[in-house]
Each structure stands twice: as C-alpha cells, then as structure tokens.
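These notes are about the structure you will find just below.
The values are calculated or read from the model by the stated rules, or taken from the named source; none is laboratory data. Since we're looking at a predicted model, the values are computed, not measured. In this analysis, Cβ positions are derived from the backbone assuming ideal geometry, glycine residues included, and neighbour counts consider all displayed protein chains.
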Amino acid sequence: MFPIPDVIPGDVTRWIVGFLLAMIVAFAGFRTRSLSASGAITAVATGGLLVGAGGWWSGLLLVAFFVSSSALSRAWPKRITAGTRIRQARGHRRDAVQVLANGAVPVICALAAVSVADPVPWLVAAASAIAGATADTWATEIGRASSSSPRSIVSGRRMAPGTSGAVSGIGTMGSAAGAVMIAVLAAAGAATNVWANVAAPSIFVVVAVAGLAGALLDSVLGATVQGIWRCPACNETSESPRHQCGSAARLVRGIAFVDNDIVNALAIAGAAGAGMLVMSLLR
Ligand SMILES: [Zn+2]
C-alpha cells in the first residue's frame, strides 16, 4: 500500500471526508442564503479543521449549531418594531467575519486537542465554545418573539429589541435551550465512548453550564465594552459608526473597535475557558 506520510495528525480519511462534508454543508448554506460566498468558504475551512482535528462528534455539534440557528432565523416569528432594524440591517447571511467569530475558538481548541497528550479538556472546551455560540444565537433569534422590550443586563433599563446587552425572559430561556441541546449531543458523544473515561452526565453539566456562561458574558460585554453609536439625524442607536440612513453616527458608549463579532468571539472564548475550568474541577 502506498504509504501516507504522517504530516497530518489523526486519521487522514477523517480529514479528507471532513472537508468534503464541510463543502456540502457550506454549499447548502450558501444556496439557502444562510451564508455569503466568503462565509461559505470560511465555513469549509472551519468545518474541515474541526472534524479533522476534533473528530466527527465536534463536527456534528457544529452542524447542530449552524442548522438550528439558520432554521430559527428563518422560521421563528419576529415582531417588527423600530429597534429590530439594528440587527436586521446586517442581514441573515453570515459572512467570513461572522463565521470566524463563532468558529475560530472551537477550531483552535480542536487543533490544541490533536497536539497534546490528553485531548479531553480541549475537546470539552470546543464543545463548550459551540454551546456558547448556540446559546447566544438562540437567545437572539428566540428573543425576537418577545412581546415586551428587553432590559439591559447591566442597568436593567428597557432597551430597543435587538440591542446588544439587552436580555428578555423568553430570550434567556432560548439561550438555556440552545446550551442544553449542545450539551445533550456532547453527552451522547461521551456515552458512545468518543471521549474515553469521561462520564456522560459530567459532560452534560460542564457543556451546559459553560454555554450559558458564554451567553451571559456575551450580554455583559455587549452592554459595556461594545461600541454603540447614535445617529444625530434620526436619533436612533446604531451598532456601527455609520447609521443605515447613511449619516455618520456619534460613539455614545463602549469602545469603537469592539463590535458585535469581537464580543461574540470573546464570549465564546469565555465559554471554552469555563468548560475547561469546570471540567478540571469535576475530574
Ligand atoms: Zn440615521
């Protein structure tokens, strides 16, 4: 048999099939307008690396995140109010930056898992990161159906729907449901002995707690350090320095370069860290 040089760690077939499957999922996401062209290309790299380094189960968690989030943004009822335009202006097609904001941390954890003697803490961190991304996305999508204005997680003041850092009861329940869904799948992975010698209930608790912690951190960062502008022409808040009307807006809160994607990535990194921490306490 032709010898395959051992330059790629892990199972070579899994890397190749992982990238092929990632291409299929990304192409489907592009065709159904969940991903832009740059988003689809980035999703192929993200999914391929995650399956190759993190294994089939990590890839399954990513697909669960992507498919459920896309379905919710399409099918979940939305209340159209003035404030919802803030997020809807960005559209539902995820671009490369948005894919990286959600996928970079899980990929880094998976690459770490394949490089160390004990991969389990890093695989748990990758699952926790995906749980954090899912919890945050589900909170946003499900929160859109809220009949009352959300409140700032920091000040408790009522805010326009869709504002970063604003939380609602139904959105928080959606966040918990998202974290639990990924935690159940991760625990199922542990039960099928993907992660040898770690009990499935432990994996469930760690991933669920870490995912919720990530979504909470996302809201806190969104309410504090994320840049928020106000358009002087329309007197509406904006999450970018240029309001959708075309006027330049003034920074009224937070740090100018900290946008929604940076907050997302930081919160997901926080979920990964929380997962590793709780895992080390349980082991
Ligand atoms: Zn304006």
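So which residues in the range 209-262 are outside any loop (DSSP other than H, G, I, E, B) and within 16 Å of the ligand (Cβ to nearest atom)?
If the condition is that a residue be outside any loop (DSSP other than H, G, I, E, B) and within 16 Å of the ligand (Cβ to nearest atom), then 228, 229, 230, 237, 238, 242, 248, 250, 251, 252 are the ones that fit.
Restrict the check to the range 32-41 and report whether at least one residue is under 21 Å from residue 185 (Cα atoms), modelled with pLDDT under 95 and of a type outside the set (Phe, Trp, Tyr).
Within the range 32-41, not a single residue is under 21 Å from residue 185 (Cα atoms), modelled with pLDDT under 95 and of a type outside the set (Phe, Trp, Tyr).
Whether any residue in the range 224-231 is in contact with a strand residue (DSSP E or B) (Cβ under 9 Å, 6 or more places away or on another chain), farther than 17 Å from residue 179 by Cα and among the polar types (S, T, N, Q) is what I want to check. Lay out the reasoning, then the answer.
Step one: list which residues in the range 224-231 are in contact with a strand residue (DSSP E or B) (Cβ under 9 Å, 6 or more places away or on another chain), which gives 224-231.
Keeping just the survivors that are farther than 17 Å from residue 179 by Cα gives 224-231.
Still in the running and among the polar types (S, T, N, Q): 224, 226.
Among the residues of the range 224-231, at least one is in contact with a strand residue (DSSP E or B) (Cβ under 9 Å, 6 or more places away or on another chain), farther than 17 Å from residue 179 by Cα and among the polar types (S, T, N, Q), which makes the answer yes.
Checking residue 53 against (1) closer than 16 Å to residue 129 by Cα; (2) modelled with pLDDT of 95 or more, which test does it fail?
(2)
On the basis of being among the β-branched types (Val, Ile, Thr) and at pLDDT 95 or above, does residue 134 make the cut? Steps first, answer last, please.
On the way: among the β-branched types (Val, Ile, Thr): yes; at pLDDT 95 or above: yes.
Here the answer is yes, as residue 134 does meet what is asked.
Give just the number: which of (1) among the small types (Gly, Ala, Ser); (2) farther than 16 Å from residue 127 by Cα; (3) out of contact with any strand residue (DSSP E or B) (no Cβ under 9 Å at 6 or more places or on another chain) does residue 208 not satisfy?
Of (1) among the small types (Gly, Ala, Ser); (2) farther than 16 Å from residue 127 by Cα; (3) out of contact with any strand residue (DSSP E or B) (no Cβ under 9 Å at 6 or more places or on another chain), only one is false for residue 208: (2).
Residues 146, 164, 128: which one is over 28 Å from residue 206 (Cβ atoms) and touching a residue at least 60 places away in the same chain (Cβ under 8 Å)?
146
Quick check, is residue 280 more than 16 Å from the ligand (Cβ to nearest atom), within 22 Å of the chain's Cα centre (by Cα) and part of a helix (DSSP H, G or I)? Let's see the steps before the verdict.
Numbers: more than 16 Å from the ligand (Cβ to nearest atom): yes; within 22 Å of the chain's Cα centre (by Cα): no; part of a helix (DSSP H, G or I): yes.
Answer is no for this residue.
Being touching a Pro at 6+ places or on another chain (Cβ under 8 Å), at pLDDT below 90 and assigned to a loop (DSSP other than H, G, I, E, B) narrows it down to one of 145, 117, so name that one.
None of the other options fit; the residue is 145.
Against the condition touching a residue at least 12 places away in the same chain (Cβ under 8 Å), farther than 22 Å from residue 169 by Cβ, more than 16 Å from the ligand (Cβ to nearest atom) and surrounded by fewer than 23 Cβ atoms within 10 Å (Cβ to Cβ), how does residue 269 come out, does it pass?
Details: touching a residue at least 12 places away in the same chain (Cβ under 8 Å): yes; farther than 22 Å from residue 169 by Cβ: yes; more than 16 Å from the ligand (Cβ to nearest atom): yes; surrounded by fewer than 23 Cβ atoms within 10 Å (Cβ to Cβ): yes.
The answer is yes for residue 269.
Going by the conditions given, is residue 240 buried (at least 22 other Cβ atoms within 10 Å of the Cβ), more than 12 Å from residue 128 (Cβ to Cβ) and among the hydroxyl-bearing types (Ser, Thr, Tyr)?
No.
Within the range 152-162, is even one residue within 17 Å of the chain's Cα centre (by Cα) and surrounded by 24 or more Cβ atoms within 10 Å (Cβ to Cβ)? Even if it seems obvious, please write down each step before you answer.
First, the residues of the range 152-162 that are within 17 Å of the chain's Cα centre (by Cα): 162.
From what's left, surrounded by 24 or more Cβ atoms within 10 Å (Cβ to Cβ): none.
There is no residue in the range 152-162 that is within 17 Å of the chain's Cα centre (by Cα) and surrounded by 24 or more Cβ atoms within 10 Å (Cβ to Cβ).
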